[in-house]
Structures are given as C-alpha cells and as structure tokens.
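Student: Below are the structure tokens for one structure; questions will follow.
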Amino acid sequence: MAYNAPEGTADMLPAAARLWRSTVDSAAKLFGTYGYEPIYTPLFEITDVFTHGIGEATDVVGKEMFVVRSGENYKRALAEGDDSKLKSKQKLSLRPEGTAGVVRAVVQHNLVEQGAAPAKLFYAGPMFRAERPQKGRLRQFHQIGAECLGSTEPTADAEMIIMLMRFFEKMGVPMGKTRLLINSMGDDNCRPAYRESVRQFILDHEGEMCEECRRRADTNPLRAFDCKNEACARVMENAPKITDHLCDDCREHYEQVKALLDAAGVKYIEDPTLVRGLDYYTRTVFEVQVVEGMGSQSAIGGGGRYDKLAEIEGGRPTPGLGFALGFERMVLALEAAGTLADSPKRVDGYIACVDPSVRATAFDLVCAARDAGLLVEMDHQGKSLKSQFKMADKLGVRVVIVLGPDELAQGKARVRNMSTHAERLVDIAAAKRLLAQFGGNLVGGGAAPVSIDALFDAEGAE
Ligand code: AMP
C-alpha cells in the first residue's frame, strides 16, 4: 500500500523548497540589518513551556497541541490510559509556535544579561497545530519569526512592526492590498479590570451568545472578540473597548508606538478588538492581513509584546516582543497578487558524450567543473547524443560541452553556447587548469566564482 503525507501536511517539493530557502535567506539578510541573529530551538519542548506560556485556555494549547510520546513513556501512558503518571519533564509536545521555546532558551542560557543590549533573535521552521485543515490552514506549517528581549521602549515595538512590513514589501506582497491592525492589550495594571468588565458584559448577554463564548467568560473572556459566530460578533461590537481602559503608562506607550509608525510612514488601522489568540501578550499587539483573495485565512503575520513571558518561563523579569509570519499564507498572498517570484533551478552547463568511450573523461571534467563551483550535469542513463541535447535544453543550460572520440584523441572538446550557437574547440587540459583556479572551501569563501563562459576563453581555444 502506498501512503500519502498525513492530513494537513504538505511535502515541500523542490520548487517550494527552493522558495522556502530563498525566503529564509531574504529574512536573514533583512533581519540581519536590524541586528537579528539566528536561533534554532527544538521542534518539541516540555509541554509546560507551552501551557504556562501560551495559556491552557487558548485554542492553540487547549485543543490543537500534538503530544509527543516516546519509548518507555509511550508504554507507560498506554498502561495508565493517560499521561498522568509521567513527570513534567517527560510530557512533551510539538511546538505550536516559536516564541515560547525561544524565550525558554533565552532564560535557560541567560541571553539577556542585566544591563546588556537586548537579545535579538530570529527563527524559521515548522510549527504544528491540530487544526481542521483547509486552504491556508495546515497542521504542519512554516513560520519565520523574530523576538527581541530586554527592552520596554516603544522604539522596539515600532522597529519590530516596521521590520515585518518591510519584509512583506520586499517579498512582493502588495502593500496596497494589506492592512496592518494594531492595538494595546494593557498590562497587569489595567488588564485585569478590563477583563472583568468583558466577563461581566458576556454574562449580561449570555442568552445571545454561543456556548463556547459563555464558557470563555470565565476562562478567557477576551477570546470572545475572535468568535466566528455572527450573533457573538454582533454582541461583541458593543463590548467594552480596551483602549478606554488603558492605564496612563500603557496609553503613553501605545501613543508613542503609533507616533513612531506615523513618522516612518507605516500605515495602520487601530482595532480595539484585536486580542490575538495567546495569553502572553501585553501592551502592543499587531496583525497583518491581506484584504482580498484569502477568505477567512487572511492573516499573514502578527505578533506583540509579552513583558511577562520570561517570568512565566521561570526567568528574571525580561520584557520582550516578537512576531511570526506564515510562509504558506504569504505564498498564497503572493499567488493571489500574481507577484510570486520564481526561483528557478540554476544549471550552468551540460557535458554530452558522443559515445561511451568518452564517459570517463566527461566524468573527470564534470568533477573539475563542480569543484570550481559550477553546476553541471552529465547523462547517467546511457542516452543518445540527441537525447542528451534535449535534456540540456530542458535544463536551460547556457553551455554544452560535447566530448567525441575524434576531438578527444587531440585532447580537445567542443564547447557550444546554446543561445548564440557559437562553438569553439577547447583544450581539455587548459580548461581544467582554468577551472582549478576557482572553487576553494565553501566555508570562508575561496576564490571568486568562475563563469561557465570562461571556458570559451580557456587557453588553447580555437
Ligand atoms: P499565530 O502564531 O497564530 O499568530 O500565527 C502567525 C502566523 O502563522 C499567522 O498569521 C499565519 O500566517 C500563520 N499560521 C498560523 N496558523 C497556521 C496554520 N494552521 N496553517 C498555516 N499558517 C498558519
């Protein structure tokens, strides 16, 4: 029986994989100019890292986490019928998002030393949520995210938002078709009272709201703002707004973030109902949505400030903030806008053999060209010369080197430029000498890359 990839997952075939790699490279380059360094944390963590950080009452943790069971723990859980006998450190889950793991790592390795500059980190990789799969909503999807720990300043918030918007812009997401929503969720000073007023509001309108929202009144009342149920949405339009309940410090912080965005020319819409799904946010939250063609999965990225998260993860009080963008959603947005840039496979040249007697020399030349950093191919299937040219055409190579027994007897090969059809006889030993000047170690550089066209100028070309 042949198997398919599990529901809600997708293979990244070479074209998509190339796009993912080039997107991550672009992110590394852009985020690098803002001082961000890469970090990779495990794909699974001790479950408490997520339940404590993101919050047990959130959908992401309460309904969508993939539990990891392994070896003896698997047997033990089977025998018990659940995980209750496992120690906390034996209870593991696949990461549903990147922030909690990064903050756990920052705390574990003390990356924000007292008085030191903020830690600026970015990551890229798969996240796992057991959601109901649909277009733009997967169970394994890919995020690129950034986290900045150690600053409460509104400039850090503005920088984070600007970096995200610049990234989307540089990737080709049409800015005219996106909207940036921002809000402040307050802090420990002002949010508890606000939360209570929303809870009371939901209880006052219980009869008009869905069962889930009635339950949320006690567990996570602010989530009612995200309810997809139309009746609930209508009720929540009149719910108390956080912006009317911010304390002076939070209000001042929010005003400064907005002023910095204004000065940078970044357009935004204030949305006092934007609460985002995770418990750890404080003060600034933001979300980038595409306005057309994405249906209900229109959010391509979002984030916010989480000044309490480091403490929740067992560390010293360390303010922080971050964002994550969804790679698959961004690709859908680029497709919808017709701006998805192809990142084609680059093949420089093809070495064709007139008959099998020259294959060993062809192989030797292929190796020399690869050592020089060129991407060259030869036939590995014993195909005819005609088929080899077809293959070279299909690969879109600029140059084909034809090796035939007659030319080889004189130490020569024929080099053909596939676009101009110009041909030259080139001395194979001279070509190899030329190639040998290039290459070097991939690590730490080496000589400048050679162009396949240089073969036309190999000493001894006629
Ligand atoms: P979140 O961590 O929920 O704020 O998600 C950040 C971004 O990841 C979203 O804006 C989406 O672009 C993307 N995303 C979240 N969940 C999924 C999913 N199940 N499938 C695909 N992309 C997702």
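Student: Is any residue of the stretch 109-142 close enough, with backbone N under 18 Å, to a label point placed 7 angstrom from the Cα of residue 83 along the Cα-Cβ axis, and if so, which?
Tutor: Counting only backbone N, you get 127-131, 140.
Student: What does the chain give for Rg and for Dmax, in Å, if only its C-alpha atoms count?
Tutor: Spelled out, the Cα radius of gyration and Dmax of the chain are 28.6, 95 Å.
Student: Which entries in 120/241; 135/345; 390/412; 386/432; 63/177; 177/267 show an alpha-carbon gap greater than 21 Å?
Tutor: Violating the 21 Å Cα-Cα cut-off are 120/241; 135/345; 390/412; 386/432; 63/177.
Student: Helix 71-80 against the longest principal axis of the chain: what's the angle in degrees, Cα atoms only, rounded to the nearest 10?
Tutor: Value to nearest ten degrees: 30.
Student: Considering only DSSP states other than H, G, I, E and B, which trypsin sites (Lys or Arg not before Pro) in the stretch 1-95 qualify as loop sites with at most 12 other Cβ atoms within 10 Å?
Tutor: Here the trypsin sites (Lys or Arg not before Pro) that fit, given the DSSP loop and packing criteria, are 63, 85, 87.
Student: Relative to the longest principal Cα axis of the chain, at what angle does helix 327-337 sit, 0 to 90 degrees, rounded to 10?
Tutor: Between helix and principal axis, roughly 80 degrees.
Student: As a test, work out the antiparallel percent of DSSP beta bridges whose residues both lie in the chain, rounded to the nearest 5.
Tutor: Looking only at bridges with both residues in the chain, the antiparallel portion is about 80 percent.
Student: Measure nothing fancy, just the Cα-based angle from helix 14-33's long axis to the longest principal axis of the chain, in degrees from 0 to 90, nearest 10.
Tutor: 70
Student: Okay, next question. Enter the mean projected area of the convex hull around the alpha-carbon atoms of the stretch 195-281, in nm², rounded to one decimal.
Tutor: Mean shadow area of the hull around the Cα atoms is 6.3 nm².
Student: If r is the Cβ-Cβ distance from residue 76 to residue 270 and R0 is 35 Å, what FRET efficiency results, to the nearest 0.05?
Tutor: 0.10
Student: Put a dot 7 Å past each Cα toward the Cβ at residue 345 and residue 64; how far apart are the dots in nm?
Tutor: Inter-label distance under the simple model: 3.4 nm.
Student: On to the next question. Sticking with the crude label model, points 7 Å out along Cα→Cβ, report the distance from residue 218 to residue 390 in nm, one decimal please.
Tutor: Each label point lies 7 Å from its Cα, and together they span 7.2 nm.
Student: While we're here: If you stretched the chain out fully between residue 359 and residue 248, how much longer would it get, using 0.36 nm times the residue separation minus the C-alpha to C-alpha distance? Mind dumping the intermediate values first?
Tutor: Working: separation 111, 0.36 × 111 = 39.96 nm, distance 7.82 nm.
32.1 nm is the gain from fully extending residue 359 to residue 248.
Student: Between residue 56 and residue 381, what is the label-point separation in nm under the 7 Å Cα-to-beta-carbon projection?
Tutor: Simple spin-label model gives 5.9 nm for this pair.
Student: Which FRET efficiency value, to the nearest 0.05, is calculated for residue 231 and residue 130 with the Förster distance at 30 angstrom and r the Cβ-Cβ distance?
Tutor: Computed FRET efficiency for residue 231 and residue 130: 0.65.
Student: Which Cys residues of the chain have no other Cys Cβ less than 4.7 Å away and so no disulfide-compatible partner by this rule?
Tutor: Lone cysteines by the Cβ rule: 148, 210, 213, 250, 353, 367.
Student: So, R0 is 51 Å and r is the distance between the beta-carbons of residue 108 and residue 417; what FRET efficiency does that work out to, to 0.05?
Tutor: That gives a FRET efficiency of 0.35.
Student: Tell me the carbon and sulfur percent of the accessible area for the chain, rounded to whole percent, probe radius 1.4 Å.
Tutor: Carbon plus sulfur share of accessible area: 51 percent.
The values are calculated or read from the model by the stated rules, or taken from the named source; none is laboratory data. If you're wondering where the values come from, they're calculated on a predicted model, not measured in any experiment. Methodologically, a virtual Cβ is constructed for each residue, glycine included, from the backbone with ideal geometry; neighbour enumeration extends over all protein chains shown. These accessible areas exclude ligands, DNA and RNA; they are computed on the full protein's heavy atoms, side chains included. Shrake-Rupley method; radii C 1.70, N 1.55, O 1.52, S 1.80 Å.
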